[in-house]
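Asker: One structure, pasted below without further comment.
The values are calculated or read from the model by the stated rules, or taken from the named source; none is laboratory data. Nothing here was measured: the structure is a model prediction, and the numbers come from that model. Glycine also receives a Cβ, built like all others from the backbone with ideal geometry; neighbour counts cover every protein chain displayed.
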């Protein structure tokens, strides 16, 4: 299932890389309220909802970034 509506003006103009960066930031913020074990599940769900498919190794790298890395969005 993907989120088709409502769509904010300009949101379809973002590249997949920009969308992934935004999703990573959303999941990072969510993980402050949830257990770290949920980060992979939440990330996969958000990517799926956005219609973005990534290889498993990229998902694993992003999970590590969410759990340990600095924000990718300034």
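Asker: So which residues in region 48-74 are assigned to a helix (DSSP H, G or I), within 12 Å of residue 21 (Cβ to Cβ) and modelled with pLDDT of 90 or more? Don't jump to the end; show me each part of the working.
Answerer: Of region 48-74, the ones assigned to a helix (DSSP H, G or I) are 48-49, 56-68.
Pick out the ones that are also within 12 Å of residue 21 (Cβ to Cβ) and you get 62, 65-66.
Result: 62, single match.
Asker: Can you name the condition, by its number, that residue 3 falls short on among (1) in a helix (DSSP H, G or I); (2) at pLDDT below 65?
Answerer: (1)
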